[in-house]
Structure formats: C-alpha cells, structure tokens
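A short reminder: the numbers here are calculations on the coordinates, not readings from a lab. Note that the structure is predicted; figures quoted are calculated from it, not measured. All Cβ positions, glycine included, derive from the backbone under ideal geometry; neighbour counts span all protein chains shown.
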Amino acid sequence: MNSTTRVLLIGAAGRMGKTVVALARNDRQIDIVAQCDLGDSIELAMENCDVAIDFSHADAITEVCRAALHHGRSLVIGTTGHSQEQRRTVEEAARSVAIVFASNFSVGVNVLFWLTRKAVELLGSDFDAEIIETHHKMKKDAPSGTAKTLAETLKAAQKTGHEIAIQSIREGDVVGEHTVIFSGPGERLELTHRAANREIFAEPQSRLDRMSVIASAICALHEMRFSLFQM
Ligand code: NAD
C-alpha cells in the first residue's frame, strides 16, 4: 500500500508527540494533518484523519474513543496508565472501530514479552518472578504500562493466580528500563530491556501502513505483542 495515511496526533506537545512529529517529517507515508494537546477538541480534530495516534494521558481516553466512534476512525493507542474502567472503554470502542493498543511499541520489548512467556515455560514452578522498572522523574504513571503487561504475561504463563511484584524507580532522565528476574534454587535469570531513545517507540508508527492493515483487518483490539508473533 503506497498511499499516505492522514494522522491526527493526540498529545502532540509531549515527549512522544514531538518524537512522532520529528520522525514523520521524513516519512512520505505519514501526513500529520492535525495535532492536539490538553484543552483542544479531539472530536473536531478527528474529522479529517484516517488514523489517530494517542500519546497523551490516560484521562483523555473517553474523549478519544468517543471521537473515534463518532467519525469511524482507527486508533493507535500508545498511552499507558489506564484504569480498568478506561480499558473497558477501549475494549468497547474496539467492537466498532479498529484499535492497535500497545503499552510499548519497541521491537525489543515485544521480544521481551515473548521471552518472558518462554522463560516461564522452560523454568517451571521452582522459579519466582518479579519485575523492576526504571523511568525518568516526569513519568506520570507507576508501575509503567510495560511492567503491567509483563506482569500479565507472567501471570498468564504461570497459571497460579499469584500477583507479580513490581518495583518502580523514578530517577533522572532514564527513557525506560525493564528487568524480569527469575529466582530459583541456587540461580537467578534476568531479562533486561533498556531504551536508549524515544524513536524506538515511534518508529513502528512509520510502519503505520502495516499497523492500519492489522487494525482494519477486522474491527477488534490488537495488541502489538500478539501482532508481532501471532499474525
Ligand atoms: P508527556 O507528559 O511528555 O506528554 C503527554 C502530552 O499529552 C502532554 O503534552 C500533555 O499536555 C498532553 N495531554 C495530557 N492530557 C491530555 C488530554 N486530555 N488531551 C490531549 N492531550 C493531553 O508524556 P510522554 O512521555 O510523551 O508519554 C505519553 C504517554 O505515552 C504516556 O502515557 C507514556 O507512558 C506513554 N508511552 C508509551 C510508549 C509506547 O511505546 N506505547 C512509549 C513511551 C511513552
């Protein structure tokens, strides 16, 4: 598919918003036709786009979903920190419009999700798992969305129903680090991902064509960790 995708960027003034704008400048497949941030009408801005990318705040999600439903637009949601109720709003919207929802768009972290599941399978029940995540001091949510996805991945793989401990550290300007620690009798295994810049979270959106193809295949909620390895 060679046509340009018209994008509305929500949270355009933020760290991720600015990164997406900078990358899109050199990407002929993406045309950022509208940008909005706190105080702007998402509903109005959504009118003339094909896809809306949300890197704002969890509290924007009701308005984002309402606007997407009203205009019948696909959504790529990168924002984290949603409550259960806010997640249900996304799931409800995904019955009518296509949504790609990922707590982390980096390829490395999506491989980490896969490795985590595989490690549980290989190590078995003698190993306990916990997560440590570190981010910059300005990050609004804790634990990070990625740490929550890792915990969900561990719980689903372990099938014990035990809660997974997550330690969150907020310091300096760390872009993002996640470690899954498996502690067993006499040995420890650690899987770590370190983000060195924010482009790794925005570059997959340069492959928006693929994302929108995934999204428009059926009206449903797609998570990148599944899209990468199961489609
Ligand atoms: P940021 O605080 O730098 O930027 C957020 C921007 O959203 C700000 O400009 C803010 O004014 C704006 N905003 C807040 N509420 C809004 C609303 N109701 N409507 C419109 N705009 C609103 O944060 P960031 O570092 O750019 O991260 C943004 C989100 O993306 C966070 O939830 C973060 O955890 C998440 N994130 C996800 C990934 C990923 O790969 N999925 C990667 C990095 C960050």
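With contacts taken as Cα pairs under 8 Å and at least 6 residues apart, segment 107-196 reaches a relative contact order of 38 percent. DSSP finds beta bridges in segment 107-196, and of those with both partners inside it, around 75 percent are antiparallel. Counting only the Cα atoms, segment 107-196 fills a convex hull of 89 Å³ per residue. Counted over the chain, the DSSP beta bridges are approximately 40% antiparallel. Using the Cβ-Cβ distance between E121 and R87 with R0 set to 22 Å, the FRET efficiency works out to roughly 0.25. Spin-label pair R194-M138: with each label point 7 Å from Cα along the Cα-Cβ axis, the two points sit 2.2 nm from one another. Counting only DSSP H runs of at least 4 residues, each contributing -39500 (n - 2.57), and dividing by the residue count of the chain, the helix-based mean residue ellipticity at 222 nm comes to -11000 deg cm²/dmol.
Given +1 at the Cβ of Lys and Arg, -1 at the Cβ of Asp and Glu and no other charges, the dipole of segment 107-196 around its Cα centre is 300 debye to the nearest 20. With the convex hull drawn around the C-alpha atoms of the chain, the volume per residue stands at 120 Å³. Seen from T192, the other residues with C-beta closer than 14 Å to its C-beta sum to a net charge of -2, counting Lys and Arg as +1 and Asp and Glu as -1.
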